[in-house]
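Student: Quick one: structure below, then a few questions.
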Amino acid sequence: MSAGKPLWAVVPVKQFAAAKSRLAPVLETSERAELARLMFEDVLDALMACPDILAGVAVVTADRAAAEAARRHGARVVLAVADHGINAAIVGAVEAIDPGAEDGLMVVPSDIPQVTRNAFAQAAAAISAPRSVAIAAAAEDGGTNLYACRPARVLPPRFGPRSFEQHCRAAMAAGIGAQVLHVPELALDIDRPGDLRTFQALRSSTRTQAFLSRLRIADRLDNDRHAMRQPNGRAVAEVTS
C-alpha cells in the first residue's frame, strides 16, 4: 500500500484476439494476440513492482485470458460486460474501485511494455497537488500513453483520436494546468509495424522483446519493406492479404 494520498492504477485491456490489427502485414492473428498478452503482462510487472507508489492496480477487460493474467499478478479485475469503448471502461473501473475524495488515478495503456517504475514515480509526483493532471503523449499519433489525475474523478477520460490534445483542453477548461510528462519510455506505444523496430532497438528485458526476437521480427520487417517496393502491386497484395 502506498504511503500518503492513495494512487490507483487502471489498465484497460481489449480482447486479445482482436488486438493490434494494424500489425497484420507482419504478424499473424495468433501472433498479434500473443503479442498483446505479453505486452500487457510486461506492463503489469512494472505496476506490481510499485507497492510504495500505488494503492492498487485494477484491470478492466472482457478478455478471460487477460483477467486470469491480472489475477495471477495480484491485480484486481473489473469485468467489462459490454463494449462501450475505452472511456466507459475506465469510468466503470473507477466506480468499482470507489476511490476516496483525495485519491489519485493513473490510467496506463497495455501496449507500452518498455514502461518502468520510473515513469509511474514521475507521474505520481506530478499529481501530488489536490487538483492536478499529468499526461504523456504518444510520439506518433497524438494519443495518450499515460494519464494521471487527482482526484480520480476530477475529469472524465478522453481516450481516442488526438486524445493528448483533448485531455489538455479538458484540464484547461477545468482550470487545471496539465503537466506534460516528458519521459522517453512513455513516448512509444506499439501499434504499427515500424513501432516494432523502434521497440526492439530499446533492447529491454521484457517478455515482448524475447517474443519478437523469437519471431525474427526484424527480418520480417525488412522483407515487408522490400515487398512494398516491388512492381505491379503483386508483392503488396501478398503481405497485406
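The values are calculated or read from the model by the stated rules, or taken from the named source; none is laboratory data. Keep in mind it's a predicted model, so treat the numbers as computed, not measured. With ideal geometry, Cβ positions are generated from the backbone for all residues, glycine too; neighbour counts draw on all protein chains shown.
Student: May I ask you to list pairs of residues, at least six apart or on different chains, whose Cβ atoms are under 6 Å apart, with the first in the stretch 184-198 being under 12 Å from residue 112 (Cα atoms) and the second being part of a helix (DSSP H, G or I) and among the β-branched types (Val, Ile, Thr)?
Tutor: Final answer for the pair search is 188/198; 196/217.
Student: Does residue 45 qualify as being in contact (Cβ under 8 Å) with a residue 24 or more places away in the chain, part of a helix (DSSP H, G or I) and not hydroxyl-bearing (Ser, Thr, Tyr)?
Tutor: The answer is yes for residue 45.
Student: Let me ask something else. Do the conditions hold for residue 114, that is, is it at pLDDT 95 or above and within 20 Å of residue 69 (Cα to Cα)?
Tutor: yes
Student: Hey, among 125, 170, which residue is in contact (Cβ under 8 Å) with a residue 12 or more places away in the chain and either over 26 Å from residue 14 (Cβ atoms) or not charged (D, E, K, R) (or both)?
Tutor: 170
Student: Further question on the same structure: For the stretch 21-50: of the residues being among the charged types (D, E, K, R) and closer than 14 Å to residue 208 by Cα, which is surrounded by the fewest Cβ atoms within 10 Å (Cβ to Cβ)?
Tutor: 45
Student: Ok, one more. Among the residues of the stretch 169-208, write down those that are among the polar types (S, T, N, Q), out of contact with any helix residue (DSSP H, G or I) (no Cβ under 7 Å at 6 or more places or on another chain) and in a helix (DSSP H, G or I).
Tutor: 198 - this is the single residue of the stretch 169-208 that is among the polar types (S, T, N, Q), out of contact with any helix residue (DSSP H, G or I) (no Cβ under 7 Å at 6 or more places or on another chain) and in a helix (DSSP H, G or I).
Student: Okay, next question. Tell me yes or no: at least one residue of the stretch 48-67 is in contact (Cβ under 8 Å) with a residue 12 or more places away in the chain, over 17 Å from residue 187 (Cβ atoms), polar (S, T, N, Q) and out of contact with any helix residue (DSSP H, G or I) (no Cβ under 8 Å at 6 or more places or on another chain).
Tutor: Looking for residues that are in contact (Cβ under 8 Å) with a residue 12 or more places away in the chain, over 17 Å from residue 187 (Cβ atoms), polar (S, T, N, Q) and out of contact with any helix residue (DSSP H, G or I) (no Cβ under 8 Å at 6 or more places or on another chain), one finds none in the stretch 48-67, hence no.
Student: Show me the strands (runs of 3 or more DSSP E) entirely contained within the stretch 62-137 in which 2 or more residues are surrounded by fewer than 23 Cβ atoms within 10 Å (Cβ to Cβ).
Tutor: Once the strands (runs of 3 or more DSSP E) in the stretch 62-137 are filtered for at least 2 residues that are surrounded by fewer than 23 Cβ atoms within 10 Å (Cβ to Cβ), what remains is 76-79, 132-137.
Student: Continuing with this model, one more query. Got a number for residues in the stretch 15-42 being of a type in the set (D, E, K, R), in contact (Cβ under 8 Å) with a residue 60 or more places away in the chain and either assigned to a loop (DSSP other than H, G, I, E, B) or in contact with an Asp or Glu (Cβ under 6 Å, 6 or more places away or on another chain) (or both)?
Tutor: Within the stretch 15-42, residues that are of a type in the set (D, E, K, R), in contact (Cβ under 8 Å) with a residue 60 or more places away in the chain and either assigned to a loop (DSSP other than H, G, I, E, B) or in contact with an Asp or Glu (Cβ under 6 Å, 6 or more places away or on another chain) (or both) number 2.
Student: Going by the conditions given, is residue 9 within 15 Å of residue 117 (Cβ to Cβ), modelled with pLDDT of 95 or more and assigned to a strand (DSSP E or B)?
Tutor: yes
Student: Are there any pairs with C-beta distances below 6 angstrom linking a residue in the stretch 213-228 that is at positive phi to a residue that is acidic (Asp, Glu) and modelled with pLDDT of 70 or more, with the two at least 6 apart or on different chains, and if so which?
Tutor: Close Cβ pairs (under 6 Å, with a partner that is acidic (Asp, Glu) and modelled with pLDDT of 70 or more) do not exist here.
Student: Let me ask something else about it. Has the stretch 145-165 got any residue that is buried (at least 18 other Cβ atoms within 10 Å of the Cβ) and part of a helix (DSSP H, G or I)?
Tutor: Within the stretch 145-165, one or more residues are buried (at least 18 other Cβ atoms within 10 Å of the Cβ) and part of a helix (DSSP H, G or I).
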